[in-house]
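To start, the structure itself, in structure tokens.
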Amino acid sequence: MTDLPSQWTHEPRKILKFHPGSKVADVDPNSTPGYTGDKDGSEEVQAERNERFAGLQEMLYANGKSGDNRSLLLVLQGMDTAGKGGIVKHVVGAGDPMGIRYTGFGVPTEEERAHHYLWRIRKALPPGGHVGVFDRSHYEDVLVVRVHELVPQDVWEPRYDEINAFEKELADSGTTIVKCAMFVSLDEQKRRLAERLDRSDKYWKFNPADIDERLRWPDYQEAYQAVLDRTSTDHAPWFVIPCDKKWYARLAINELLIEALKGMGLSWPPAGFDVEEQKKRLAQA
Ligand code: AMP
Ligand code: MG
């Protein structure tokens, strides 16, 4: 049924799936749900699963080349230092860049602000055959925007339903959506931010505003709770990822991607030509 590595006692897609009634406050970011292994040995598992993902991703791309319109969209949401970039680099990065569409969403530009908040999101959607990765996403428009009251409540409030409808439209048009809410503890975040301030090769990752955001954690917790409560749907479920252990978060999200790709029931597209005939031609060429 599954080729899940033996260290997993539960399928990540089941154990990490957000269930109605679950509380963000109860998430233990240092836990490793469903996984019995530890850091030692995780590299080996990761390497093998990177390859599995890469194989499936190539198959998706091959199908896209043959006209299959389906795609996969990974949405990464989390506070600073949660490890979004690490997922991009160490998990999605195992795939072939040719078939991957990465987009990081920052503070909207003037042009973006002149449009509906989903405008820039739609432009970044993965074409058929591609894996799209959103490093932050349309959810910022109900997270940072809500916490900082960048627009009034009567503007952000209807967005939850609007996002559900938008994602339904995506799912119906062949995009499998995997949404990961990445949770790092305040202590671990402090350690990671301190490291960014201690190393000149990490300054580029630091933003003084990260400290302000950190101080708003209770407000963010409330905003994340609302996101999970109101936008966990059958067509686009949320997965809750404990991220204090980077190796665990990477293994977990890697498995979610593998499962999503397997769920598409892909196979290698048949040749659009007569193989024997082409072999003969090549022999004589
Ligand atoms: P980073 O992911 O570290 O590059 O930071 C990007 C920043 O852009 C974060 O502080 C986000 O909260 C912010 N951001 C992303 N989307 C929006 C948005 N729609 N409105 C306001 N700020 C945003
Ligand atoms: Mg940042």
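The values are calculated or read from the model by the stated rules, or taken from the named source; none is laboratory data. Just so it is clear, the structure is predicted and the values come from calculations on it, not from any experiment. Counting neighbours? That spans all protein chains shown, and the Cβs are built from the backbone with ideal geometry, glycine included. The area values use the complete protein model at the heavy-atom level, side chains included, leaving out ligands, DNA and RNA. Shrake-Rupley method; radii C 1.70, N 1.55, O 1.52, S 1.80 Å.
Here are the numbers for this structure:
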quantity	calculated
Computed helical MRE - 222 nm, the chain, DSSP H runs ≥ 4 contributing -39500 (n - 2.57), nearest 500	-13000 deg cm²/dmol
Whole-number percent relative contact order across the chain, with pairs defined as alpha carbons under 8 Å at least 6 apart	32
Using a Förster distance of 35 Å, the FRET efficiency for SER200-GLU162 (Cβ separation, nearest 0.05)	0.25
Where the range 12-284 is the region considered: accessible area per residue in Å², 1.4 Å probe	50
Sites ASP38 and LYS89, calculated FRET efficiency, Cβ-Cβ separation with R0 25 Å, nearest 0.05	0.70
Antiparallel DSSP beta bridges within the chain, percent to nearest 5	10
Heavy-atom accessible surface of the chain: percent carbon and sulfur, 1.4 Å	51
Distance from the range 147-162 to the range 96-123 (C-alpha centre basis), Å	19
Equivalent ellipsoid, the chain (semi-axes from 5 times Cα gyration tensor eigenvalues, Å)	34, 24, 19
Flagged links, alpha-carbon separation over 31 Å, of LYS179/LYS245; LYS14/LYS202; LYS65/LYS123; LYS39/LYS123; LYS205/LYS262	LYS14/LYS202; LYS39/LYS123; LYS205/LYS262
In order through the range 166-172: 3J(HN,Hα) via Karplus (6.51 cos²θ - 1.76 cosθ + 1.60), integer Hz, x for Gly, Pro	4, 5, 5, 4, 5, 4, 5
Under-5 Å amide H pairs with VAL75, H placed in peptide plane, nonlocal only	PHE134, VAL178, LYS179, CYS180
In the range 180-285, chymotrypsin sites (Phe, Trp or Tyr not before Pro) in a DSSP loop with at most 15 other beta-carbon atoms within 10 Å	PHE273
In order through the range 246-251: 3J(HN,Hα) via Karplus (6.51 cos²θ - 1.76 cosθ + 1.60), integer Hz, x for Gly, Pro	4, 4, 5, 4, 5, 4
